[in-house]
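Asks: My structure is below; once you've seen it, I'll send some questions.
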Amino acid sequence: MAPLPLIACRHCDHLHQRLPIPAGALAACKRCGHVLYRQSGLPLRDWIAIVLAALLVFIIANCFPVVQLTMQGMTVRATLPQALWTTWGQGHELVAAMTALFALALPLGQIVFLFWALRAVSRRRLPPDFRFGMRVLHAMTAWSMVPVLMLAILVAIVKLADLAVLHVDAGLWAFAACTVLLTMLGRVTALRVWRYAEDERLVEVSGSGADLAGLVAGCQACGFVQNLPRGGHGAPCGRCGARVHQRKPASFSRAWALIAAAAILYIPANVLPVMHIRTPAGTTSHTILGGVMEFWQTGSWDLALIVFVASVVVPMTKLLALAVLMLRSRWDGPAVQRQRTRLYELVEFIGQWSMLDVFVVVLLSAMADFPGFSQITAGPGAAAFGMVVILTMFAAMSYDPRLGWDAAPAPKEYAE
């Protein structure tokens, strides 16, 4: 009987055997409680069908208008590419580039690479560049923000509901369907594809040939458990070629630098206007809190709450939580360290939702483009706010949660 694959928990580095579990069940780390893997009830061919459906609706969403607005005899049909082009033409290249990357290019790349990988595994023939493609898929998944874009579309629609006659178009329904499908596909990560390939014996099984009495580590890109050279310095992964370290190099210094940069940029992001609205009556500028107050005063308290949480509470929570994780680096016992692990998981989960305001501004620039009557352009605060989101996400990726568990080393043998 072939040996069971090994998994190194990416939050505490404890080793486990990947045991078969029932469909719909999950396996959690015995040491820190982090979810190691889930067992899907869908076969591989069904996941391929879902990926193809996601690709189809993603194309429809970007080719067809999201909404159609009419005011004073003028009609605007807004699409996401049109919004990006309008924002770029207004001189806000950084805001347009961030939105194009996170709402268009990376989601499309995630879908395409996932279809390519699942198709290769299902055909039981892996191409020579499979490991490189899987590293790309692993890197881009965290930055795919279609669900955030969908929420931004709804916020923009409500904001313009009183300005013009609004009709929902095919693009909106396609984005809604794409959000559902990509949320489902969020469970089919690069690590899960590698496990599919392991089960088909198409790639080397994690932990095979590893000497557990020596220094071992799991690759962050593919999960392959392997021995490292003495000292734990970086070595190429024996399966995917990514650089494997016992612990992320310079984790604390890099994370602190990114947190400090994000905290500095958070000030202009909230003080400077995120958008300018030009009407025949003049030009008004809106900050993030100003937009929240406007929603509240017009009776849209639910949207005011959503924007406040996504644009104010979430960034502050990320900064404070990361600072707490960095400051409390000493061992405080398993119970406390488990709570710190949950806090880090929260930071990872909420990471991308702060991009809401940036997406809203870009969408409004296309939806409210009525020359002579109404025009919305991005303000300097939007670019600063987008950079805060990016920096905090990089800070979370730079932090190594395994460091907190190092004061109480896990046993060398794996847990069953």
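Asks: Which of the residues spanning region 36-72 are part of a helix (DSSP H, G or I) and β-branched (Val, Ile, Thr)?
Replies: Going residue by residue through region 36-72, those that are part of a helix (DSSP H, G or I) are 44-63.
Correct list: Ile48, Ile50, Val51, Val57, Ile59, Ile60.
Asks: How many of the residues in region 353-380 are in a loop (DSSP other than H, G, I, E, B) and at pLDDT 80 or above?
Replies: Within region 353-380, the subset in a loop (DSSP other than H, G, I, E, B) is 368-369, 371-373, 379.
Checking which are at pLDDT 80 or above leaves us with 379.
Qualifying residue count, region 353-380: 1.
Asks: Filter region 180-192 down to the residues that are basic (Lys, Arg) and either buried (at least 18 other Cβ atoms within 10 Å of the Cβ) or more than 16 Å from Phe349 (Cα to Cα) (or both) and list them by number. Full working, then the answer.
Replies: If we filter region 180-192 for residues that are basic (Lys, Arg), which is where we start, we get 187, 192.
Across region 180-192, the qualifying residue is only Arg192.
Asks: Something else now. Of everything in region 11-44, what is over 23 Å from Val205 (Cβ atoms) and either in contact (Cβ under 8 Å) with a residue 40 or more places away in the chain or of a type in the set (Val, Ile, Thr) (or both)? Give them in sequence order.
Replies: Cys32, Gly33 - these are the residues of region 11-44 that are over 23 Å from Val205 (Cβ atoms) and either in contact (Cβ under 8 Å) with a residue 40 or more places away in the chain or of a type in the set (Val, Ile, Thr) (or both).
Asks: Still on this structure, I have one more. Given the options Gly291, Gly223, name the one that is over 22 Å from the mean Cα position of the chain (by Cα) and of a type in the set (Gly, Ala, Ser). Don't jump to the end; show me each part of the working.
Replies: On the way: Gly223 fails: over 22 Å from the mean Cα position of the chain (by Cα).
Just one listed residue meets the conditions, Gly291.
Asks: Condition check: among the hydroxyl-bearing types (Ser, Thr, Tyr) and either at pLDDT 90 or above or buried (at least 19 other Cβ atoms within 10 Å of the Cβ) (or both). Does Ser253 satisfy that? Lay out the reasoning, then the answer.
Replies: Values: among the hydroxyl-bearing types (Ser, Thr, Tyr): yes; either at pLDDT 90 or above or buried (at least 19 other Cβ atoms within 10 Å of the Cβ) (or both): yes.
So Ser253 passes the test.
Asks: Could you list, ordered by first residue, the pairs with Cβ atoms under 7 Å in which the first is in region 356-381 and on the phi > 0 side of the Ramachandran plot and the second is buried (at least 22 other Cβ atoms within 10 Å of the Cβ) and among the polar types (S, T, N, Q), at least 6 apart or interchain?
Replies: Pairs that qualify, where the first residue is on the phi > 0 side of the Ramachandran plot and the partner is buried (at least 22 other Cβ atoms within 10 Å of the Cβ) and among the polar types (S, T, N, Q): there are none.
Asks: Going through Gly91, Gly33 one at a time, which residue ends up being out of contact with any Leu (no Cβ under 9 Å at 6 or more places or on another chain), surrounded by 15 or more Cβ atoms within 10 Å (Cβ to Cβ) and assigned to a loop (DSSP other than H, G, I, E, B)?
Replies: Numbers: Gly91 fails: surrounded by 15 or more Cβ atoms within 10 Å (Cβ to Cβ).
Just a single option satisfies the conditions, and that option is Gly33.
Here's the yes/no breakdown for (1) touching a Pro at 6+ places or on another chain (Cβ under 7 Å); (2) farther than 15 Å from Leu363 by Cβ; (3) surrounded by fewer than 23 Cβ atoms within 10 Å (Cβ to Cβ):
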| residue | (1), (2), (3) |
| --- | --- |
| Ala120 | yes, yes, yes |
| Pro127 | no, yes, yes |
| Phe132 | no, yes, yes |
| Leu172 | no, no, yes |
| Cys178 | no, yes, no |
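The values are calculated or read from the model by the stated rules, or taken from the named source; none is laboratory data. A quick note: this is a predicted structure, and the numbers were derived from the prediction, not measured. Heads up, the Cβs are rebuilt from the backbone with ideal geometry, glycines too, and the neighbour counts pull from every protein chain shown.
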